[in-house]
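Enquirer: Just passing along the structure, written as structure tokens.
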Amino acid sequence: MGLELRPYQSATLEALRKGFMSGMRRQILYAPTGAGKTEMAIALLEATNKKGNKGAMIVDRIILCDQTSARLDKYDIDHGVLQSGHWRDRPYENIQVCSAQTLERRGEFPGLNLMIVDEAHQTREATVEFIKNNPEIRVIGLTATPFTKGLGRVYENVISTITTKELVESKVLVPLRVFISKEIDMKGAKKVAGEWSQKETSDRGMKITGDIVATWVAKTNEIFGKPEKTIVFCSGVEHGAHLSQEFAKVGFNFISISYRDDDEFKKEVIEDFSRPDTEIHGLIATDILTKGFDVPDVKIGISARPFTKSLSSHIQQMGRIMRGHPSKEFAVWLDHSGNYLRFREDWDEVFENGVHELDDGKEKAKSEPSDKEKKECKCPQCEAYFPPRLDSCLNCGHVRQKRNKIEEVEGEMYELGANMATRDSKQEWWSMLQWYVKVQGWSNGRAAHVYKEKFGVWPRSLDDTPKIPSADVAKFVDAGIRKYIRSMKRKR
């Protein structure tokens, strides 16, 4: 089977080549989960081999060596696996697959021309040191979440040619239907390095295990009429085992896997789960399912591990159920962690615009939404994600009671987390608000607050060229000014 790239994949590789030609030796290839980063990497390795040069794919875990090797076999590409005792030890091949652990032990890779680092956001210290100590090697880091602090000190450039929104529109990925379910209570929980400790999340997660199971049973029958393949992101090993037991009590086969299980067992379980006729209803794990897990017919994801700052983990998890498959039109996300609301602004930005810079500060602890915000973002009838500026729920049609004229101004449209306002419309509004900055002496901060009042998110990556305001924008601004004047009069 020959490797054929989609147009956006070919455009990505061309952008990388131009980057190398301009002198960039270390580049990040950003693309959403499901965009085919492995296929793009294979195409680059094959091109390197045809030139008589050596290329290597560095994967995050030893178990992923076999998965990558199998993908190369799929396209009839000769290669070796650089791993002690591996049956495919072929050091003479120009294309090699190697784990980060093996590279760490060996400390060298003679004659290497191109190095592709999978899951580059992990930034293993030994891999980073190897890159810095071998500046003659061209390096490409693959990731769907290039938000790790310090990534910009390792890589010089980021290539981003396709967004999640565009992949959903072209049906490569499917949209999410998000439900805000009973949340794990993390008030007062201990933090380690700015993130909630796994013991805390696991202990607290077990307190709502019954709710997690009951919600899944209700939603899978309400939406699909029967159980569908599900993956669960739990808070810890004990939490995963408890969830497995509780699902079994109501007659469903959910298997929990963790770092305590040997690689062969995990491999067999995932292979069984991948079969169309599997008897496994769901898999439960903490982070194992965010790396090298490719089961596109999974239709439901359960978020039961709260994060306070890890946007990367949140996006990686959702990406695992958004892969396109002939059997699904959408995927269902049951959020028991609070992560969807916690990270919604950053997710909307990445969903629509992709990533165009490194070290942008996204991986910081997020402030918790207030109880009022949480209530406004959840449909009281069906628990679907219900952005405050919508009048009716996109899932069940429940109509929100209107409050006042200012709050009724039509804002940004969403469909269960997928931002529906176009980038062009946002840019137009921002340009018109910039007219107030340039002509009427507004501060950029004031313009940003008006923009957020309109769209619900802060302006990002927009051009500051001013434009004469339209009647709609002027009306919106005037209404805000009148509202402010009335509030000041009430305070006197």
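Enquirer: Kindly indicate whether any position in region 328-342 is farther than 17 Å from LEU394 by Cβ, modelled with pLDDT of 90 or more and among the hydrophobic types (A, V, I, L, M, F, W, C).
Expert: If we filter region 328-342 for residues that are farther than 17 Å from LEU394 by Cβ, which is where we start, we get 328, 336-339, 342.
Still in the list and also modelled with pLDDT of 90 or more: 328, 336-339, 342.
Checking which are among the hydrophobic types (A, V, I, L, M, F, W, C) leaves us with none.
No - not one qualifying residue is present in region 328-342.
Enquirer: A further question on this structure: Out of (1) out of contact with any strand residue (DSSP E or B) (no Cβ under 7 Å at 6 or more places or on another chain); (2) open to solvent by less than 20 Å² (accessible area, probe 1.4 Å); (3) not charged (D, E, K, R), what's the single condition that is false for GLY152?
Expert: Every listed condition holds for GLY152 apart from (2).
Enquirer: Among residues belonging to region 313-349 that are of a type in the set (Gly, Ala, Ser) and farther than 14 Å from THR164 by Cβ, point out the one that is most open to solvent (accessible area, probe 1.4 Å). Even if it seems obvious, please write down each step before you answer.
Expert: Of region 313-349, the ones of a type in the set (Gly, Ala, Ser) are 313, 319, 324, 327, 331, 337-338.
So of that shortlist, the ones also farther than 14 Å from THR164 by Cβ come out as 313, 327, 337-338.
Values: SER313: 38, SER327: 59, SER337: 0, GLY338: 13 Å².
Among those residues, the one meeting the criterion is SER327.
Enquirer: Sticking with this structure for a sec: Scan region 186-208 and tell me whether some residue there is in contact (Cβ under 8 Å) with a residue 60 or more places away in the chain, in a loop (DSSP other than H, G, I, E, B) and surrounded by fewer than 16 Cβ atoms within 10 Å (Cβ to Cβ).
Expert: yes
Enquirer: Further question: Can you tell me which residues in region 282-294 are more than 25 Å from GLU195 (Cβ to Cβ) and modelled with pLDDT of 95 or more? Give the steps one after another, and end with the answer.
Expert: If we filter region 282-294 for residues that are more than 25 Å from GLU195 (Cβ to Cβ), which is where we start, we get 282, 294.
GLY282 - this is the single residue of region 282-294 that is more than 25 Å from GLU195 (Cβ to Cβ) and modelled with pLDDT of 95 or more.
Enquirer: For residues in region 213-240 being open to solvent by less than 40 Å² (accessible area, probe 1.4 Å) and under 18 Å from GLN198 (Cβ atoms), which is nearest to the chain's Cα centre (by Cα)?
Expert: Among those that are open to solvent by less than 40 Å² (accessible area, probe 1.4 Å) and under 18 Å from GLN198 (Cβ atoms), it is PHE233.
Enquirer: Sticking with this structure for a sec: Those residues that are in a strand (DSSP E or B), more than 15 Å from ILE159 (Cα to Cα) and open to solvent by less than 50 Å² (accessible area, probe 1.4 Å), I need them from region 108-122; list them, please.
Expert: Taking region 108-122 first, the residues in a strand (DSSP E or B) are 112-117.
Keeping just the survivors that are more than 15 Å from ILE159 (Cα to Cα) gives 112-115.
LEU112, LEU114, MET115, listed by residue number.
Enquirer: Additional query: Starting from residues that are touching a helix residue (DSSP H, G or I) at 6+ places or on another chain (Cβ under 6 Å) and assigned to a loop (DSSP other than H, G, I, E, B), keep the ones in region 165-184 and report whichever is nearest to GLN381 (Cα to Cα). Reasoning before the result, please.
Expert: If we filter region 165-184 for residues that are touching a helix residue (DSSP H, G or I) at 6+ places or on another chain (Cβ under 6 Å), which is where we start, we get 165, 173, 175, 178, 181-182, 184.
Next cut, assigned to a loop (DSSP other than H, G, I, E, B) only: 175, 181-182, 184.
Numbers: PRO175: 21, SER181: 12, LYS182: 14, ILE184: 21 Å.
Checked region 165-184; the qualifying residue nearest to GLN381 (Cα to Cα) is SER181.
Enquirer: Could you list, in sequence order, the residues of region 74-89 that are open to solvent by 30 Å² or more (accessible area, probe 1.4 Å) and either touching a helix residue (DSSP H, G or I) at 6+ places or on another chain (Cβ under 6 Å) or part of a helix (DSSP H, G or I) (or both)? Working first, answer last.
Expert: Taking region 74-89 as the starting set, the residues that turn out to be open to solvent by 30 Å² or more (accessible area, probe 1.4 Å) are 74, 76, 78, 83-85, 87, 89.
Once the filter is applied, which keeps residues that are open to solvent by 30 Å² or more (accessible area, probe 1.4 Å) and either touching a helix residue (DSSP H, G or I) at 6+ places or on another chain (Cβ under 6 Å) or part of a helix (DSSP H, G or I) (or both), region 74-89 yields LYS74, GLN83.
Enquirer: Identify the single condition in (1) assigned to a loop (DSSP other than H, G, I, E, B); (2) under 25 Å from ARG177 (Cβ atoms); (3) open to solvent by 20 Å² or more (accessible area, probe 1.4 Å) that ASP277 does not satisfy, given that it satisfies every other one.
Expert: (2)
Enquirer: Restricting to region 1-45, give me the number of residues that are open to solvent by less than 40 Å² (accessible area, probe 1.4 Å), outside any helix (DSSP H, G or I), out of contact with any Ser or Thr (no Cβ under 6 Å at 6 or more places or on another chain) and not hydrophobic (A, V, I, L, M, F, W, C).
Expert: Going through region 1-45 one residue at a time, the tally reaches 4.
The values are calculated or read from the model by the stated rules, or taken from the named source; none is laboratory data. Just so we're clear, the structure is a prediction, and the values are computed from it rather than from any experiment. When we count neighbours, we look across all protein chains shown, and the Cβ atoms used for this are built from the backbone with ideal geometry, even at glycine. Heavy atoms of the whole protein, side chains included, go into the accessibility calculation; ligands, DNA and RNA do not. Shrake-Rupley method; radii C 1.70, N 1.55, O 1.52, S 1.80 Å.
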